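This report concerns only the one structure given below.
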Amino acid sequence: MVVDLEPLSAAEVISRSSDALSGITTFRFALSHDHGNTILSNGIEVPKASGTAMVPDSYTLDADTLVAGFFVNTQVTVIDQDSYITHPITQRWQLLEPGTSPFGTFNPVSLVASILEQIENPKIAPTEASEAGSYVVDGFLPAIALKSLTGGVDETAPLLEVRVTIDGSSFFPVEARITGRATSAEYGDLVRTVRLFEFNSDIAIEPPI
């Protein structure tokens, strides 16, 4: 059933989505790219990734990465202050010392919250971009909004363009499509797509070892 959307301004939609996000306990996420990859501040490239999140600070991550030009599948589990990662060769799990994880600043909950909190000049997207039962909002983001993804950012980078799709019933943010570079190593026409789904589902994150 298609939801009849309330006639809200873009700012009202973003505000309601931020409120809805604060009530979420779990979700699944996926990250994909066009015209390049996310490049972390430590030089690791991430072509695609997916995982689960439990608010506020626990998540799992299954990432395809490029390290010094070599493909490595990396799995990460973070439970509060404890970080586990698979060894790049043996694929066995290991508990990391605090502060040593290559994904140490990654936090999918903070990433989505930052996108909603820091969007500038939000406007309802043109009709041709609309999706049945959803609000689509266009705006701009400072690179710092992606710090919880990349670890570090180029604060002199031009504003990134963002298009956020928000469910018209729950007001949960279901997709953010972000165009532009956040670090000096990334391409200017890089397009990141973050998808969120299965909100408040039965997700349990346990230590892998």
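Things worth noting here:
- ALA157 assigned to a loop (DSSP other than H, G, I, E, B) and either touching a residue at least 40 places away in the same chain (Cβ under 8 Å) or of a type in the set (Ser, Thr, Tyr) (or both): no
- Some residue of region 156-164 being surrounded by fewer than 17 Cβ atoms within 10 Å (Cβ to Cβ) and over 15 Å from LEU190 (Cα atoms): yes
- Filter result for GLU198 (on the phi > 0 side of the Ramachandran plot and either loosely packed, with under 14 Cβ neighbours inside 10 Å or among the aromatic types (Phe, Trp, Tyr) (or both)): yes
- Cβ pairs under 7 Å, 6+ apart, first in region 79-97 and surrounded by 10 or more Cβ atoms within 10 Å (Cβ to Cβ), second of a type in the set (Lys, Arg): THR86/ARG92
- Complete set of residues in region 137-150 that are surrounded by fewer than 20 Cβ atoms within 10 Å (Cβ to Cβ) and either part of a loop (DSSP other than H, G, I, E, B) or of a type in the set (A, V, I, L, M) (or both): PRO142, ILE144
- Residue check for VAL194: out of contact with any Ser or Thr (no Cβ under 7 Å at 6 or more places or on another chain), more than 17 Å from PRO47 (Cα to Cα) and either assigned to a loop (DSSP other than H, G, I, E, B) or touching a residue at least 60 places away in the same chain (Cβ under 8 Å) (or both): no
- Single match in ALA182, ALA145 (criterion: small (Gly, Ala, Ser), at pLDDT 95 or above and within 15 Å of ILE39 (Cβ to Cβ)): ALA182
The values are calculated or read from the model by the stated rules, or taken from the named source; none is laboratory data. Owing to the predicted nature of the structure, the values given are computational and were not obtained by experimental measurement. Counting neighbours? That spans all protein chains shown, and the Cβs are built from the backbone with ideal geometry, glycine included.
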